[in-house]
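This report refers to the structure that appears directly beneath it.
The values are calculated or read from the model by the stated rules, or taken from the named source; none is laboratory data. Worth saying up front: this structure is predicted, and the values here are computed from it rather than measured. With ideal geometry, Cβ positions are generated from the backbone for all residues, glycine too; neighbour counts draw on all protein chains shown. Ligands, DNA and RNA are stripped out before the accessible areas are found, and what is left, the full protein with its side chains, is counted by its heavy atoms. Shrake-Rupley method; radii C 1.70, N 1.55, O 1.52, S 1.80 Å.
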Amino acid sequence: MAWLLDVYRSAIFKKAVMAVSGLMLFGFVLTHMLGNLKLYFGPEEINNYAEWLRTIGKPALPKNGALNIARVGLLAAVFLHIWSAWQVTRLSRKARPQKYVKQATIQATYASRTMRWGGVIVLLFIVYHLLHLTLGVVGPEGFEYGDVYNNVVLGFRNPLISGFYILANLALGLHLYHGLWSLFQSLGLNHPSYRALRRPIALAFASVVTLGNISFPLAVLSGVVG
């Protein structure tokens, strides 16, 4: 069984874990944003969508059963992503214990240089988002379980909350852009025939998710929604 320990300790394994967990998180943020677009169709549409999520799998599963399974899977993906990123960083520092005299940043992008603190901001945003719109323990008074439309409008009418969401989603966009671009290389998808497509695909994905998420607080603040 020594080979299993060798695999666990290898940088390739940790990068693969980071890539696969990243794929799960990419899928979540995209579907989450697309589902939230129902906000533009009025209270009934988005509230019915939220109720449908809570009843997936009935009667085989209890109410919220599938949703809670998805939440556990999401939290596991977040944990594995953070763990693997930390492990890869440790291995990188161990392989190069002495810093370069001059930092080479010619090929580095702003997104890659801010990847670590961007990840921290995204994690804090996820925690606040759950406390705000899932549990209703933070944010303005008037939270009603099941009334997603009302909860979103009440929250985003506060400019400070909307500003925080916008800044957090800009950080998320940078994280998604660099993460997806790096994902191709981590999974060995680095063939010259499609290498040039990596950045455009990453930019398009990050832009769609970021602009979609930012549109919600802006729509409430401008009066388009609410």
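Just a few scattered comments:
- Residue match in the stretch 135-148 (condition: at pLDDT 90 or above and closer than 19 Å to G212 by Cα): yes
- Condition check for L133: within 23 Å of W52 (Cβ to Cβ), open to solvent by 30 Å² or more (accessible area, probe 1.4 Å) and part of a helix (DSSP H, G or I): yes
- Complete set of residues in the stretch 16-64 that are open to solvent by less than 60 Å² (accessible area, probe 1.4 Å), over 17 Å from L133 (Cβ atoms) and among the small types (G, A, S): A16, A19, S21, G22, G27, G42, G57
- Any hit, the stretch 70-87, residues being open to solvent by 40 Å² or more (accessible area, probe 1.4 Å), among the aliphatic types (A, V, I, L, M) and over 20 Å from G22 (Cα atoms): no
- Scanning the stretch 24-67 for residues that are β-branched (V, I, T) and assigned to a helix (DSSP H, G or I), we see that the one that is farthest from F216 (Cα to Cα) is T55.
- Residue pairs whose Cβ atoms lie under 6 Å apart, separated by 6 or more positions or on different chains, with the first residue in the stretch 129-149 and within 16 Å of L160 (Cβ to Cβ) and the second assigned to a helix (DSSP H, G or I) and open to solvent by 40 Å² or more (accessible area, probe 1.4 Å), are V138/L131; P140/L154.
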